[in-house]
Amino acid sequence: MEMLKAHGLSDVEMDAEGNVMGLRRGTDPAGGKVVVIAAHLDTVFPEGTNVKVRREGTKLFAPGVGDDTHSLAVLLGYIRALDAGKVKTKRDILFVGNVGEEGPGDLRGVRYIFTKGKYKDRIAAFFSMDGTSADRVVSGAVGSKRYRVTFKGPGGHSYGAFGIVNPMAAMGNAVVAMNRVEVPKSPRTTYATSVVGGGTSVNSIPEAIWLEVDMRSESPDELAKVDARFKQIVDEAVAAENAARNTGPGKITAELKLIGDRPTGKTREDAEIVQITSAAVRAAGYKPILGASSTDSNMPISLGIPAVTIGSGGTGGRAHAPDEWIDVAKPESLRGMGVGLAALIAMANR
């Protein structure tokens, strides 16, 4: 927020969700439509992670340096470039550093902007800047459902209570059954049984054990199908364990908690924002690669607002790993950065 103020934007603020933003005024009357360009402030790494940057020539190494720190820096560079070039746009441009894009954040930052924020009824177009690839134009929103399922039972001593129902067994059966589910390759649909936890000790039948599951699809219908099948599998696993062992001290139950719900959808390929961004990619000497992903653009796309996710330029690798890196060598970085700036100016002059 202090950086946005230092760059001379107006109406710089932090909203109730923690997003920070500032307005670069256009020539249209105040209060009109705005074009939003956003990069997310959060990373996948826990608090306390050492994020000190290590430099080797033109390469920068640090957790989160490319996803999405570089994009935040590029947004500031765009403001400086627009001012240095005395560029005027018709529409206001809202520069945003948003929260909650990664993992459990469940898009809470952009969700707030588009459903409760002060600009929610003024947004004409939305750019999310995420990662570095300058040729990537993400116009499809991969939706997702994420659950934490807690299997519960009476628990007991591993020897003395042997033979009673075990929530670990129910969870194990659910994991095996889920990983046998067949999903279509097109529209691309996926799932992952990804995190487990719980239990008391090695010599105790657990009272509770939990599992987290991620399901994704480009298609809302296919996502609904795999979601329904997962819930059925949980019910079947509970019933099977209750039928297999002694339920005298109590039965196995399962509690499902929705921990992530990202909407799906698509900005049409013939939409102005897709065509303009693709033209900017070609003008920079790249070949546009249209695709689908799970990004901050999911939210506006699901609401019918023109949106794409673009890269910040340059190259990078090892995203979501402690040894994440980017290469800020010129002129390749500037070439890639020019794509987003050209598309932003064009959309702000519609």
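The values are calculated or read from the model by the stated rules, or taken from the named source; none is laboratory data. Remember, it's a predicted structure, so these values are computed and weren't measured experimentally. With ideal geometry, Cβ positions are generated from the backbone for all residues, glycine too; neighbour counts draw on all protein chains shown. For accessibility, only protein heavy atoms count, side chains too; no ligands or nucleic acids. Shrake-Rupley method; radii C 1.70, N 1.55, O 1.52, S 1.80 Å.
Numbers below:
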read-out: Filter result (touching a strand residue (DSSP E or B) at 6+ places or on another chain (Cβ under 9 Å), under 23 Å from G155 (Cβ atoms) and surrounded by 15 or more Cβ atoms within 10 Å (Cβ to Cβ)) within the stretch 216-241; value: V234, A237, V238, E241
read-out: Qualifying residue in the stretch 270-285 (condition: touching a residue at least 24 places away in the same chain (Cβ under 8 Å), of a type in the set (D, E) and either surrounded by 17 or more Cβ atoms within 10 Å (Cβ to Cβ) or not in a helix (DSSP H, G or I) (or both)); value: no
read-out: Failed item in (1) within 21 Å of the chain's Cα centre (by Cα); (2) in a strand (DSSP E or B); (3) closer than 29 Å to V281 by Cβ, with K145 passing the rest; value: (3)
read-out: Checking T69 against (1) surrounded by 16 or more Cβ atoms within 10 Å (Cβ to Cβ); (2) free of Cβ contacts under 8 Å to residues at least 40 places away in the same chain; (3) farther than 12 Å from N98 by Cα, the condition it does not meet; value: (3)
read-out: Extreme residue, least open to solvent (accessible area, probe 1.4 Å), among residues of the stretch 89-115 that are closer than 18 Å to G31 by Cβ and assigned to a loop (DSSP other than H, G, I, E, B); value: T89
read-out: Leading residue by the ranking (surrounded by the fewest Cβ atoms within 10 Å (Cβ to Cβ)) among those in the stretch 286-306 that are more than 16 Å from D135 (Cα to Cα), in contact (Cβ under 8 Å) with a residue 60 or more places away in the chain and not polar (S, T, N, Q); value: L303
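So that you can scan it fast, the table gives a plain yes or no per residue for (1) in a strand (DSSP E or B); (2) open to solvent by 40 Å² or more (accessible area, probe 1.4 Å); (3) in contact with a Leu (Cβ under 8 Å, 6 or more places away or on another chain); (4) farther than 30 Å from T277 by Cβ:
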| site | (1), (2), (3), (4) |
| --- | --- |
| V149 | yes, no, yes, yes |
| Y159 | no, yes, no, yes |
| A174 | no, no, yes, yes |
| D214 | yes, no, no, no |
